[in-house]
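The values are calculated or read from the model by the stated rules, or taken from the named source; none is laboratory data. Just so you know, these numbers come straight off a predicted model, no measurement behind them. Here the Cβ positions follow ideal geometry from the backbone for every residue, glycine too, while neighbour counts run over all protein chains shown.
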Amino acid sequence: MFVLQLYLAVAATTLVGKPIGKDRFKGYIWPPIPTIGVGIIKAICALFTTIFREQIAMLYNGDLAVVTMASQLMLLVAIYQISDYVQVIGSEVLIGYKYTRVIFFITCIAYWILGLPCGYLLKLTDIIVPAMGTSGF
């Protein structure tokens, strides 16, 4: 479900970067059409993941306990897909604008300074809330 999103995001980079590289559009800010397509695809994928979460889990494992846990985690995956869409499209469009340093700092802060420590605290400790296990991470 991620690969199609990534391909369209790379197309967005090209659509933004090519006119800017040729100095045809000074101040070019209109978001390219693939970003709209990816938004529709991500909404469909999130809906697909939510509706068919048990069937998807059963493709990989027949154990009822594993399928139950995986189907609960897939609800979180569906929510994650929306924020992932915003992150991938935003970073690829910024790459088209040649703002790679901004992406580097935002990604480092989001993943290493915020995401990993918060995931650790929510999964394994009782500091913020009682340990949530896999769902917390």
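Of all positions in the stretch 44-65, at least one carries a residue that is in a helix (DSSP H, G or I), charged (D, E, K, R), more than 12 Å from the chain's Cα centre (by Cα) and over 26 Å from V10 (Cα atoms). Just a yes or no: is a residue in the stretch 75-91 part of a loop (DSSP other than H, G, I, E, B) and either hydroxyl-bearing (S, T, Y) or more than 25 Å from G17 (Cβ to Cβ) (or both)? No: the stretch 75-91 contains no residue that is part of a loop (DSSP other than H, G, I, E, B) and either hydroxyl-bearing (S, T, Y) or more than 25 Å from G17 (Cβ to Cβ) (or both).
A single member of T50, T35 is at pLDDT 80 or above, in contact with a Leu (Cβ under 8 Å, 6 or more places away or on another chain) and hydroxyl-bearing (S, T, Y), and it is T50.
Here is the figure for the stretch 63-102: residues that are crowded, with 17+ Cβ neighbours inside 10 Å and either more than 18 Å from K42 (Cβ to Cβ) or of a type in the set (F, W, Y) (or both) total 7.
Restricting I79, I20 to residues that are closer than 26 Å to Y111 by Cα and either basic (K, R) or modelled with pLDDT under 85 (or both) narrows the list to I79.
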